[in-house]
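Q: Just dropping this structure here.
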Amino acid sequence: MDQWDKTFDVVIIGGGLAGLTASIYLARSGLSVLLAEKSNRLGGRAMTVKKKGAALNLGVHAFYQDGEGEAVLNELGVKLIGANPPPRVAGIWNRKVYDIPTGPVKLLTSRLLSLSGKAELVRFMIKLGRIKTGQLERLTLREWAEREINDPMIRHIVYSICRSNSFVPDPSLHGAREAVRQLQRTFAGKAFYLDGGWVSLINELEAQASRAGVVMATGLGVAEVVQHESAWIVHFSDNRTTTVPNVMMTGSPEQACKLVRGAEKTSLLRWKNETRPMAAACLDLVLRQLPNPKNRSYIAGFWLDAPIFYNSPSSVARLNDDGSFIIHLVKQLGEHAGNPQDNEQQLEAAMDLMHPGWRSEEIARQYLPRITVVHDFRSTDKSDPPPGPAVPEVEGLYVAGDWVSHGEVLADAAFASAKRAAHAIIKRNDDERRTGVSRNRNRTLV
């Protein structure tokens, strides 16, 4: 604790992707930063656990290149090590496994599409990359798909891929702009699987934050954040306090409302009430081998008639040392929980379809009955300005995280919002110095 006997310009609450990213920007600008994480590990949902020597992410994870997240990591000098998967994907329809055509040969031999459907798919894939997604802002994914796609099976394929790469199962709520942009990246092969799991990204961000001078405290929760005159008093779970000019909340809006005294008088309450957290049930398996040679090469399987997704990341990324296979099966729950036992059985049945006999090859498993994949997204029924980075009713309070989206999705939203919040704090600090504003700040932990 002696290392905290210093002043801080910013306290960041939460040590996930957003918190770590913001801390690096802030510290590199010359501001002193304390990052407080209540868990004993940094990373949040980007944590990776080891089971029987295999690196398991918390459910399926893919990093999408050519987006806001990659731009932020390039700015921070963070390099990702891994690989892009080959275009070998399955479509499951009426309990039968088909190739989803990703090239001329697959297209000719596909039994999933009719002759006219194959011709339309070719036209669609050529057109997809040329679409300017900014022109789709007021459309839902369903409206766009029904306008642009005639063949029902192609629409099923599009809906399935979109709910799998966004975790938003309802195309009537999913914005066409965000959905099509993510679809473009998927068809362009921009999904990227990290060697060692997402903990490798967290470790790199942590190393960059440490080099920048960020003070990182794990196992330190925050009990309350209270505005006092022109500053914020942060009460920690160990009964210490610190007074700082800037606080950044990187957890969910619900957590922010619980921690900030008087949150009901700010936009935090409205943001919380408007959120639609998206959840998923995840079955993660470690297998000695994949029993069905026919389906062994599939990197992904999209259920076209159910909100289920199959993923085989260890066929691409280095996630273990013993040659075992890691399989992720996901049921996109959206806002509905369902029955955890039924969901697990449904995911096991999906694995039965892909690899009959897999149970005899099981080494380890991890079942997450309900994990919040994203705390909110820019659903099409929202007309208000997007949240953050500042809480407008009070000075010095900022938000970042996957729910603070200005059009980005998933990890891209976490990275982009962290950058926005950090730059807002840096600008505020620069403005104060330029105008000669000084504050009487007692910022020493006591």
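The values are calculated or read from the model by the stated rules, or taken from the named source; none is laboratory data. Here the structure is a predicted model, which means the values were calculated and not measured. Here Cβ is always computed from backbone atoms with ideal geometry, including for glycine, and neighbour counts include all displayed protein chains. Protein only, heavy atoms only, side chains kept; ligands, DNA and RNA dropped before computing areas. Shrake-Rupley method; radii C 1.70, N 1.55, O 1.52, S 1.80 Å.
Q: Go through the range 400-424 and report how many residues are under 13 Å from the mean Cα position of the chain (by Cα), surrounded by fewer than 24 Cβ atoms within 10 Å (Cβ to Cβ) and closer than 13 Å to residue 19 by Cβ.
A: Looking only at that region, the number is 0.
Q: What residue, among those in the range 166-178 that are in a loop (DSSP other than H, G, I, E, B) and within 21 Å of residue 135 (Cβ to Cβ), is most open to solvent (accessible area, probe 1.4 Å)?
A: That would be 172.
Q: Scan the strands (runs of 3 or more DSSP E) fully inside the range 1-67 and keep the ones with 3 or more residues being surrounded by fewer than 24 Cβ atoms within 10 Å (Cβ to Cβ).
A: Because the criterion is at least 3 residues that are surrounded by fewer than 24 Cβ atoms within 10 Å (Cβ to Cβ), the strands (runs of 3 or more DSSP E) in the range 1-67 that meet it are 48-51.
Q: Residue 161: buried (at least 22 other Cβ atoms within 10 Å of the Cβ) and of a type in the set (A, V, I, L, M, F, W, C), yes or no?
A: Taking the combined requirement at face value, the residue satisfies it.
Q: Moving on to the next point. Tell me the residue from 237, 230 that is surrounded by fewer than 19 Cβ atoms within 10 Å (Cβ to Cβ) and in contact with a Leu (Cβ under 8 Å, 6 or more places away or on another chain), please.
A: After applying the criteria, what remains is 237.
Q: In this structure, does residue 386 turn out to be part of a loop (DSSP other than H, G, I, E, B), open to solvent by 10 Å² or more (accessible area, probe 1.4 Å) and without any contact (Cβ under 8 Å) to a residue 60 or more places away in the chain? Walk me through how you get there before you give the answer.
A: Numbers: part of a loop (DSSP other than H, G, I, E, B): yes; open to solvent by 10 Å² or more (accessible area, probe 1.4 Å): yes; without any contact (Cβ under 8 Å) to a residue 60 or more places away in the chain: yes.
Yes, satisfied.
Q: Does residue 126 count as among the β-branched types (Val, Ile, Thr), within 30 Å of residue 194 (Cα to Cα) and either in a helix (DSSP H, G or I) or open to solvent by 60 Å² or more (accessible area, probe 1.4 Å) (or both)?
A: Details: among the β-branched types (Val, Ile, Thr): yes; within 30 Å of residue 194 (Cα to Cα): yes; either in a helix (DSSP H, G or I) or open to solvent by 60 Å² or more (accessible area, probe 1.4 Å) (or both): yes.
Against the criterion (among the β-branched types (Val, Ile, Thr), within 30 Å of residue 194 (Cα to Cα) and either in a helix (DSSP H, G or I) or open to solvent by 60 Å² or more (accessible area, probe 1.4 Å) (or both)), residue 126 qualifies.
Q: Within the bounds of the range 263-275, is there any residue that is open to solvent by 10 Å² or more (accessible area, probe 1.4 Å), among the hydrophobic types (A, V, I, L, M, F, W, C) and on the phi < 0 side of the Ramachandran plot?
A: Yes, there is a match, as at least one residue in the range 263-275 is open to solvent by 10 Å² or more (accessible area, probe 1.4 Å), among the hydrophobic types (A, V, I, L, M, F, W, C) and on the phi < 0 side of the Ramachandran plot.
Q: Turning to a different aspect of this structure: For the range 344-365, state whether one or more residues are outside any strand (DSSP E or B), more than 18 Å from the chain's Cα centre (by Cα) and under 17 Å from residue 271 (Cβ atoms).
A: There is no residue in the range 344-365 that is outside any strand (DSSP E or B), more than 18 Å from the chain's Cα centre (by Cα) and under 17 Å from residue 271 (Cβ atoms).
Q: Please find, among 422, 413, the residue that is more than 17 Å from residue 246 (Cα to Cα), in contact with a helix residue (DSSP H, G or I) (Cβ under 9 Å, 6 or more places away or on another chain), in a helix (DSSP H, G or I) and of a type in the set (A, V, I, L, M, F, W, C).
A: Of 422, 413, the one residue that is more than 17 Å from residue 246 (Cα to Cα), in contact with a helix residue (DSSP H, G or I) (Cβ under 9 Å, 6 or more places away or on another chain), in a helix (DSSP H, G or I) and of a type in the set (A, V, I, L, M, F, W, C) is 413.
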